[in-house]
Amino acid sequence: GTKTQKLQRVDDFVYKEFNRARECCLPIHDSDLRRLALKKAHGLNIVGFTASHHWILNFKRRHHISSRKVTKLVT
């Protein structure tokens, strides 16, 4: 496919993995999103894809994901 189609596959893959981790109540950090995106991009042979801070920011905005800091543990 085209580069745009491949980037859409990367986005879909990262979002599915994000949802899977959240269902298991696992914390997800930006570095985890970057690792997943780079893994999929490498598998699709996308040259020059770096999963930059800007890409992660746009990814989180597209999917309405916000970062939170845990300050108090509730059991």
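The values are calculated or read from the model by the stated rules, or taken from the named source; none is laboratory data. Quick caveat, the model's predicted, so the values are computed rather than measured. So basically every Cβ, Gly included, is an ideal-geometry build from the backbone, and we count neighbours across all protein chains shown. We work out accessible area using only protein heavy atoms, side chains counted, and drop any ligands, DNA or RNA first. Shrake-Rupley method; radii C 1.70, N 1.55, O 1.52, S 1.80 Å.
For the chain, take the longest principal axis of its alpha carbons; what is the angle in degrees between that and the long axis of helix 30-43, to the nearest 10 within 0 to 90?
Rounded to the nearest ten degrees, it is 30.
Round to the nearest 10 and give me the degree value, 0 to 90, for the angle of helix 53-62's Cα axis relative to the longest principal axis of the chain.
70 degrees
Can you tell me the orientation of helix 3-23 relative to the chain, as the angle in degrees between its alpha-carbon axis and the longest Cα principal axis, to the nearest 10?
Its long axis makes an angle of about 20 degrees.
Using only protein heavy atoms and a 1.4 Å probe, report how much of His63 is accessible, in Å² to the nearest 10.
His63 exposes around 40 Å² with every protein chain in place.
So what is the diffusion coefficient of the chain in µm² per second by Stokes-Einstein at 10 °C and 1.306 mPa s, using a Kirkwood Rh over Cα pairs? Provide the component values of the computation, followed by the final result.
Values: Rh = 13.2 Å.
Calculated translational D: 120 µm²/s.
If you take the beta carbon distance between Cys24 and Ile65 as r and set R0 to 22 Å, what does 1/(1 + (r/R0)^6) give as a FRET efficiency, to the nearest 0.05?
Details: r = 16 Å, r/R0 = 0.74.
After rounding, the FRET efficiency stands at 0.85.
Under 14 Å from a label point 7 Å along Cα→Cβ of Asn58: give me every residue in the range 2-34 with its amide N that close.
Residues 3-12 fall inside that zone.
May I ask for the net charge around Lys16, where only other residues with Cβ less than 12 Å from the Cβ of Lys16 are counted and Lys, Arg are +1 while Asp, Glu are -1?
The answer is 0.
Taking a probe of 1.4 Å, how large is the accessible area per residue of the chain, in Å²? All intermediate terms of the calculation are to be shown ahead of the outcome.
Numbers: 5990 Å² over 75 residues.
Accessible surface, normalised per residue, equals 80 Å².
Given a 1.4 Å probe and every protein chain left where it sits, what share in percent of the accessible area of the chain is carbon and sulfur? Intermediate results must be reported in sequence, preceding the final value.
Values: 3240 of 5990 Å².
Roughly 54 percent, rounded to a whole number.
How much net charge surrounds Phe59 when only other residues with a Cβ under 14 Å from its Cβ are counted (Lys, Arg +1; Asp, Glu -1)? Present the calculation step by step, with values, prior to reporting the outcome.
Values: positive: Arg9, Lys16, Arg34, Arg35, Lys40, Lys60, Arg61, Arg62; negative: Asp11, Asp12, Glu17, Asp30, Asp32.
Cβ neighbours under 14 Å give a net charge of +3.
On a straight-distance basis, which lysines could pair with Lys6 in a cross-link, Cα separation under 28 angstrom, same-chain partners fewer than 8 positions away excluded?
Cross-link targets: Lys16, Lys39, Lys40, Lys60.
Let me make sure I get this right: for the range 35-75, a, b and c are the square roots of the gyration tensor eigenvalues over alpha carbons, sorted descending. Under 1.5 in a/c it's rounded, otherwise prolate if a/b > b/c, else oblate. Which is it? Could the numbers behind the result be given before it?
Values: a/c = 3.36, a/b = 2.25, b/c = 1.49.
Prolate, since a/c reaches 1.5 and a/b exceeds b/c.
Tell me what the chain gives for mean residue ellipticity at 222 nm when only DSSP H runs of n ≥ 4 count, each as -39,500 (n - 2.57), the sum divided by the residue total, rounded to 500 deg cm²/dmol.
One gets -19500 deg cm²/dmol as the mean residue ellipticity at 222 nm.
Suppose every Lys and Arg Cβ carries +1 and every Asp and Glu Cβ carries -1, with no other charges. What dipole size does the range 20-75 come out with about its Cα centre, to the nearest 20 debye? Present the calculation step by step, with values, prior to reporting the outcome.
On the way: 12 positive and 3 negative charges, 28 e Å.
Taking the Cα centre of the range 20-75 as origin, the dipole is about 140 debye.
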